[in-house]
Structures are given as C-alpha cells and as structure tokens.
Amino acid sequence: MVRMKVKVVGFTPNEMQPVVVITDLEERGFIPILIGPAEAVAISQGLDGQKMPRPMTHDLMKNVIEMLNTKIDRIVIYDLQEDTYFARIYVKTKDGEFGVDSRPSNALALQVRSGSPLYISEEVAAKAMIPNRADDEEKEEIRRFVADLTPDYFLKNKQE
C-alpha cells in the first residue's frame with residue numbers, strides 16, 4: 001500500500017470537469033481522478049475545514065459512523081478498471097473491521113473530514129501514478145544553483 005493525501009480539487013483544462021488530485025506524502029507522484037460537481041464541492045469543503053449550518057451528506061455519514069461507536073480506520077483505492085477507480089472505506093467496530101465499497105469521490109469526502117489515512121494499492125500506483133517530473137527538475141535546478149554558491153556571490157549582490 002502507498003500512503004496518499006488529497007492535494008487539490010480543480011478542473012480539467014479543456015473540458016472543465018471536476019478533478020481531485022491525490023499525491024503520495026512526499027509528492028513524488030500524483031493521480032488525478034475525475035469526480036462529479038457535488039463531490040468536488042464536498043471534498044473542497046472538507047479540505048478547507050468549512051462547517052455548514054446543517055450537516056451535508058458526508059458530514060452526516062461521518063456523524064452516524066461516530067455515533068455508532070465506530071471509527072473510519074482508513075480509505076483504500078484498491079483497483080482501477082477501464083478508467084474507473086474502486087475504493088473501500090474500512091470501519092473499525094467493537095466486533096472487528098469491515099470494508100464498505102465506495103466511489104472514490106465519496107470515500108475522499110469522508111477521508112478529508114475524518115482525517116483517516118488514505119492509501120492506494122501497489123497495483124493502482126503502478127497503473128496510475130504520474131511522476132512529478134516538474135518538481136524533480138526544479139529541485140535539480142536548485143541543487144545546481146546551491147552547489148555553485150560561494151561567499152563572493154552574497155558579497156557581490158549585497159554591494160549592488
């Protein structure tokens with residue numbers, strides 16, 4: 001399993017479809033997942049910590065889970081078939097652990113509210129993870145710049 005986090009909710013450039021981007025904790029790679037408009041709002045509100053005057057669907061679900069003395073243990077995006085992701089919400093109860101099938105967007109809306117860990121399977125990571133090359137290139141550029149720095153650089157720029 002690969003530990004992930006929800007990075008951002010946005011829109012695809014051309015079609016303007018809602019998309020959630022999840023990334024590994026070091027942000028070396030990312031996975032964009034197309035979602036519906038309602039789920040985009042729900043995930044965004046959860047990311048921002050917005051509290052609505054009345055519970056929205058995902059808040060309601062979280063509240064019911066907690067009132068039953070259970071806990072959302074983790075969210076796992078476990079499969080990818082024909083551009084469709086499959087997720088499971090794992091809930092711990094006094095009787096054990098149960099996995100509940102879910103659309104990834106709904107599972108992510110619960111995850112950002114509960115703070116439970118988010119994982120993807122190794123298989124999904126192998127199929128869908130996009131390396132964050134821009135980040136690698138930027139880091140390499142910074143490394144080259146820093147490697148060439150000397151005290152004279154700072155003295156010269158201070159005098160200008």
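Since every read-out is calculated from the coordinates, none of them should be taken as a lab result. These figures come from a predicted structure and were not determined experimentally. Reconstructed Cβ throughout: ideal geometry from the backbone, glycine too, with neighbour counts over all protein chains shown.
A few comments on the model shown:
- Segment residue 54-residue 93, extension gain: residue separation times 0.36 nm, minus the distance between their alpha carbons: 11.4 nm
- Global form of segment 2-132, assessed from the alpha-carbon gyration tensor, a/c cut-off 1.5: oblate
- At full extension, residue 27 and residue 1 could sit 7.8 nm farther apart than now, given 0.36 nm per residue minus the alpha carbon distance.
- Listed values for segment 95-109 are Karplus-derived 3J(HN,Hα) couplings in whole Hz (6.51 cos²θ - 1.76 cosθ + 1.60, θ = phi - 60°), namely 8, x, 10, 10, x, 10, 5, 8, 6, x, 4, 5, 5, 5, 5, and x replaces Gly and Pro.
- Residue 87 long-range amide H proximity, modeled H, under 5 Å: 78, 102
- For trypsin sites (Lys or Arg not before Pro), the sites in segment 51-108 that DSSP calls loop and that have at most 13 other Cβ atoms within 10 Å are 51, 94.
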